[in-house]
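Below you'll find the structure, written out as structure tokens, and then a few comments.
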Amino acid sequence: MTLPRALVSWLVLVAVAFLNGTLRVVAYPAWLGEFTARQVATGTGAMALGAAIWVLLRRWPVRGPAHAWGTGALWAALTVAFEMAMVVGRGRGWGEVRAQYALWEGSLWPLLVLWVLAAPPALSALQRAGVAVGPAVRWAVASWAACGLAFAAARAAFGTDAAVALHLLAAPAIGAAATLLLWNHPRHPGVLGTAATLALGAAWLDAVVVAPFLERGFGMFRSPAGTWIPLALLLAASAATGVLLSRPAGRRRLLAWVATPAEQVEPLPGDDLLPGDGGATHAITVSAPPAAVWPWLAQMGYGRGGWYSHDRLDHGGRPSAEEIHPELQAIRPGDRLPSTASGRTSFEVMDVREGAHLVLGSHMDGRLRSVPWAEPSAPVSQRATWAFALRPAGPDASRLLVRARGRSRPAWLWAPWDAFFRLAHLPMQRKQLLGIRARAERAAARNPLARAG
């Protein structure tokens with residue numbers, strides 16, 4: 001980032017700060033009062049400035065840590081000078097400047113200046129590390145929302161005291177689930193990064209949204225059971241789950257269906273159908289060769305062999321097949337595998353190689369109705385792929401990899417559906433992998449020729 005670009009970037013930050021200040025003056029005092037409005041505006045300003053600095057650094061990167069610190073120092077100095085010039089220009093005394101920077105009297109403005117100073121080196125280091133910041137932030141917000149909804153629902157149904165107890169139980173479960181989902185991204189922040197993102201993200205949003213606007217006070221932070229203990233449980237559960245996920249696949253039987261880091265980035269058939277990264281990859285080791293696992297994949301589908309998952313949810317309550325059906329084994333590109341009883345939605349076979357891989361595609365319009373993959377996408381539509389790949393894992397074993405990827409247009413309209421799908425996909429995919437493994441291993445045990453492939 002050159003000096004002219006640094007100056008232009010600072011003007012962008014001034015515009016963001018003015019917008020945040022306008023909200024503080026116009027909207028916040030009616031809710032919060034003048035003093036609390038200033039405190040909350042510091043939190044919202046830090047988030048807005050951080051987002052703006054992130055975008056600016058992506059467009060105009062700094063050359064290294066020294067350059068980043070220099071840029072931050074320039075922005076901080078210009079900010080302080082601008083603040084003082086505004087005070088002098090309005091004919092006000094230096095007492096106003098002192099009050100603005102009186103951290104010992106409760107003013108948080110100096111923290112915002114320090115953030116402007118430290119943000120360039122901190123955020124540029126994060127960008128160089130290649131961490132998936134977007135997914136991490138989204139799952140932090142999702143965790144915060146899930147905790148809030150759990151507490152609100154429990155309070156409405158059982159009262160505040162019971163809601164606090166249930167919230168304490170829900171927080172670690174939410175932290176563990178969010179960590180599992182975030183771990184599917186090959187550039188997740190790691191054990192401590194994931195845990196800190198979830199817990200600190202929840203704390204920050206509580207401080208700038210729930211406490212001031214919904215509770216009209218910060219009493220929740222004076223109650224250990226109301227805020228600090230759930231945050232600690234969220235952090236601990238996320239860290240514990242991350243530690244389990246970091247262990248070698250063979251040493252985490254409880255999470256044996258979670259793909260290894262190498263498998264998460266391994267190219268799979270079907271990746272080319274939806275450009276870009278992302279998606280969820282899971283895997284499981286089956287004590288049977290690929291040829292013995294393949295028939296269970298070939299006969300999948302509603303009204304066929306089922307999906308081997310939670311049958312009440314995805315197969316109308318009908319049990320998935322426990323035997324191989326020869327009449328369902330012929331499968332080729334263009335075939336449609338129903339996903340509902342009516343056939344309104346279905347998966348299209350996109351690519352198939354017997355004994356090696358099966359790629360399914362889903363193309364839905366805005367009425368949640370399946371249309372052929374080859375049709376152009378409507379303004380409101382969604383495409384998804386579901387790839388199953390078999391890899392030999394020794395003389396009598398296989399590694400089954402499954403990757404689900406999706407693209408929605410417009411993304412904002414499908415956001416609630418996508419969030420629900422991600423949450424529902426985790427237990428359904430886990431159950432399917434365990435179901436396929438159990439069936440393939442039982443069949444191979446009964447038939448030694450099948451085990452031999």
(request) Sort out which residues of the stretch 415-453 are small (Gly, Ala, Ser), surrounded by fewer than 15 Cβ atoms within 10 Å (Cβ to Cβ) and at pLDDT below 80, and write them in order of number. (result) 415, 419, 452
(message) Anything in the stretch 197-234 that is without any contact (Cβ under 8 Å) to a residue 60 or more places away in the chain, surrounded by 14 or more Cβ atoms within 10 Å (Cβ to Cβ), touching a helix residue (DSSP H, G or I) at 6+ places or on another chain (Cβ under 8 Å) and more than 30 Å from residue 259 (Cβ to Cβ)? List them, or say none.
(response) 203, 211, 218, 220, 221, 227, 228
(request) Answer with yes or no whether residue 51 is in contact (Cβ under 8 Å) with a residue 12 or more places away in the chain and either part of a helix (DSSP H, G or I) or among the small types (Gly, Ala, Ser) (or both). (result) no
(request) Just one of (1) surrounded by 19 or more Cβ atoms within 10 Å (Cβ to Cβ); (2) more than 16 Å from residue 398 (Cα to Cα) trips up residue 327, so point out which. (result) (1)
(message) So, in the stretch 350-370, exactly how many residues are closer than 18 Å to residue 407 by Cβ and part of a strand (DSSP E or B)?
(response) 10
(request) Among the candidates 337, 297, single out the residue that is modelled with pLDDT under 95 and in the same structural domain as residue 396 (by TED's automatic domain parsing). (result) 337
(request) Test residue 51 against the stated conditions and say whether it is in contact with a Leu (Cβ under 9 Å, 6 or more places away or on another chain) and small (Gly, Ala, Ser). (result) no
(request) Test residue 388 against the criterion of being touching a His at 6+ places or on another chain (Cβ under 7 Å), surrounded by 14 or more Cβ atoms within 10 Å (Cβ to Cβ) and not polar (S, T, N, Q), and give yes or no. (result) yes
(message) Looking at 130, 190, 148, 134 in this structure, which one is surrounded by fewer than 19 Cβ atoms within 10 Å (Cβ to Cβ) and without any contact (Cβ under 8 Å) to a residue 40 or more places away in the chain?
(response) 134
(message) crowded, with 21+ Cβ neighbours inside 10 Å and either out of contact with any Cys (no Cβ under 6 Å at 6 or more places or on another chain) or closer than 20 Å to residue 421 by Cα (or both): is that true of residue 118 in this structure?
(response) no
(request) May I ask you to list the residues in the stretch 1-43 that are charged (D, E, K, R) and modelled with pLDDT of 85 or more? (result) 5
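A quick yes/no check of all residues on (1) within 23 Å of residue 279 (Cβ to Cβ); (2) in the same structural domain as residue 405 (by TED's automatic domain parsing); (3) over 31 Å from the mean Cα position of the chain (by Cα); (4) not basic (Lys, Arg):
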site	(1), (2), (3), (4)
303	no, yes, yes, yes
312	no, yes, no, no
368	yes, yes, no, yes
376	yes, yes, no, yes
385	yes, yes, no, yes
388	yes, yes, no, yes
(request) Go through (1) more than 21 Å from the chain's Cα centre (by Cα); (2) surrounded by fewer than 20 Cβ atoms within 10 Å (Cβ to Cβ) one by one and return the number of the condition residue 163 breaks. (result) (2)
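The values are calculated or read from the model by the stated rules, or taken from the named source; none is laboratory data. Model, not experiment: these values are computed from the prediction. Virtual Cβ from ideal backbone geometry, glycine too; neighbours counted across all protein chains shown.
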